[in-house]
Amino acid sequence: MRNRLIYIALFALVMFSNDVIGQQDPMYTHYMFNTLAVNSGYAGSREALTVTALTRHQWVGFDGAPNTQTLTVHSPLAHEKLGVGLSIVHDKIGPVGVTSFFADGAYRFQVSQKAKLALGLKAGINLMQASLTSLVLDEQGDQTFQSNIKSDVLPNLGFGAYYYTDNFYAGLSAPKLLENDFETNTVTGTTQLASEKRHYFAIIGAVFKLSDDLKLKPTSLVKVVQNAPVEFDFTANFLIREKLSLGAMYRTRDGLGALIGYQFNDQLRAGYAYDFPLTEINQYSIGSHELMLSYDFFFNDKGRIKSPRYF
């Protein structure tokens, strides 16, 4: 009984998110490897055709908990100042899912011998679907839940600025500038399902050499949305012999996390993260799991990137 009530409560939170304003965009513990999802200026920055897949299962054990799948692809063009990318995100909570398809483009400026600044644009569409017939109801026959609904296809635009060197980066972005209303056309007229809220992201990271075999990679992500508390992610990863990565994360107002990753070769890397909530949700959930897999396809004469890419 309690699980079904929680399930429906989660659904109601999303359905009425035009009144309850908070964090809507998916969160990622591997944000430092999934930057294109939030910042279009990142496109082409790895000097390779990079494919990254990520799956996040949040609040395991909690009925209807969020889960997110992300696929990003990006590469520089033959003209090294240009980068292009594609981001596909599917985010689901309870019976409600939002799927996004976005194309990314970036133009890079050489601001010094070692530093570049990229300005990017993001354009694409969002689609919300609600599988109401999948809900288990305490009272049968409620007409509200007798058919599934699908929103209109909604376009959106975003921008990103990304500054980087071999061992430092910083970025600012707003991936969705338009505050669209998800709507569906029914026999009774147009119904508003939910509305998007504009999110702003700031990201920063660096690499510090502690010894020949050990490097420290501190990173941080700041998320800002109107009428909601600012959220910070603080992460510290230790890179051992350019292969094994071990780290810890703290997310304000949310929880703690641990990360482990491995660079199998110059092209393939994988990562796993576990988050434990510090809020009351930990009474119902054992935590969140996140898996990341990334592969670089190189096209220069030596078959590898020109300089080390830690981000």
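Take the conditions (1) part of a strand (DSSP E or B); (2) farther than 22 Å from D25 by Cα; (3) without any contact (Cβ under 8 Å) to a residue 40 or more places away in the chain; Q113 misses just one of them, which is (1).
Looking at segment 232-241 only, could you name the residues that are crowded, with 18+ Cβ neighbours inside 10 Å and either among the acidic types (D, E) or farther than 19 Å from G205 by Cα (or both)?
First pass over segment 232-241, keeping only residues crowded, with 18+ Cβ neighbours inside 10 Å: 233, 235, 237, 239.
Selection gives D233 alone.
Answer yes or no: is there a residue in segment 299-309 that is surrounded by 15 or more Cβ atoms within 10 Å (Cβ to Cβ), touching a helix residue (DSSP H, G or I) at 6+ places or on another chain (Cβ under 9 Å) and not in a helix (DSSP H, G or I). No, segment 299-309 contains no residue that is surrounded by 15 or more Cβ atoms within 10 Å (Cβ to Cβ), touching a helix residue (DSSP H, G or I) at 6+ places or on another chain (Cβ under 9 Å) and not in a helix (DSSP H, G or I).
In this structure, does A12 turn out to be within 30 Å of K114 (Cα to Cα) and either at pLDDT below 75 or under 19 Å from the mean Cα position of the chain (by Cα) (or both)? Steps first, please.
On the way: within 30 Å of K114 (Cα to Cα): no; either at pLDDT below 75 or under 19 Å from the mean Cα position of the chain (by Cα) (or both): yes.
Judged against the criteria, A12 is not a match.
Of the set (1) under 20 Å from the mean Cα position of the chain (by Cα); (2) in contact (Cβ under 8 Å) with a residue 40 or more places away in the chain; (3) over 13 Å from T29 (Cβ atoms), all apply to P229 but (2).
How many residues, within segment 44-75, are touching an Asp or Glu at 6+ places or on another chain (Cβ under 6 Å) and either aliphatic (A, V, I, L, M) or within 18 Å of G160 (Cα to Cα) (or both)?
1
Test S45 against the criterion of being modelled with pLDDT of 95 or more and within 21 Å of F168 (Cα to Cα), and give yes or no.
Working: modelled with pLDDT of 95 or more: no; within 21 Å of F168 (Cα to Cα): yes.
Considered against the rule, which asks whether it is modelled with pLDDT of 95 or more and within 21 Å of F168 (Cα to Cα), S45 comes out as no.
From the set of residues in segment 242-264 that are crowded, with 17+ Cβ neighbours inside 10 Å and aliphatic (A, V, I, L, M), which is farthest from T279 (Cα to Cα)? So, considering only residues that are crowded, with 17+ Cβ neighbours inside 10 Å and aliphatic (A, V, I, L, M), the one farthest from T279 (Cα to Cα) is L259. Give segment 274-286 a look and list any residue that's surrounded by 14 or more Cβ atoms within 10 Å (Cβ to Cβ), in contact with a Gly (Cβ under 8 Å, 6 or more places away or on another chain) and either touching a residue at least 60 places away in the same chain (Cβ under 8 Å) or under 16 Å from F33 (Cα atoms) (or both), or say none. Answer for segment 274-286, where residues must be surrounded by 14 or more Cβ atoms within 10 Å (Cβ to Cβ), in contact with a Gly (Cβ under 8 Å, 6 or more places away or on another chain) and either touching a residue at least 60 places away in the same chain (Cβ under 8 Å) or under 16 Å from F33 (Cα atoms) (or both): Y274, D275, P277, Y284, S285.
Identify, from the list A118, A78, A106, the residue that is outside any strand (DSSP E or B) and either surrounded by fewer than 18 Cβ atoms within 10 Å (Cβ to Cβ) or in contact (Cβ under 8 Å) with a residue 40 or more places away in the chain (or both). Please lay out each step first, then the result.
Details: A118 fails: outside any strand (DSSP E or B); A106 fails: outside any strand (DSSP E or B).
Step by step, each of A118, A78, A106 is checked, and only A78 is outside any strand (DSSP E or B) and either surrounded by fewer than 18 Cβ atoms within 10 Å (Cβ to Cβ) or in contact (Cβ under 8 Å) with a residue 40 or more places away in the chain (or both).
Within segment 97-114, the set of residues being within 18 Å of the chain's Cα centre (by Cα) and of a type outside the set (S, T, N, Q) comprises G97, V98, F101, F102, A103, D104, G105.
Only a single item in (1) touching a strand residue (DSSP E or B) at 6+ places or on another chain (Cβ under 8 Å); (2) at pLDDT 95 or above is not met by T190, and it is number (2). Going through (1) touching a residue at least 12 places away in the same chain (Cβ under 8 Å); (2) under 23 Å from A48 (Cβ atoms); (3) part of a loop (DSSP other than H, G, I, E, B) one by one, L291 falls short only on (3). Being surrounded by fewer than 23 Cβ atoms within 10 Å (Cβ to Cβ), at pLDDT 95 or above and not in a loop (DSSP other than H, G, I, E, B) holds for only one residue in T55, T72, T99, and it is T55.
The values are calculated or read from the model by the stated rules, or taken from the named source; none is laboratory data. Here the structure is a predicted model, which means the values were calculated and not measured. Please note: Cβ atoms are built from the backbone with ideal geometry, for glycine as well, and neighbour counts cover all protein chains shown.
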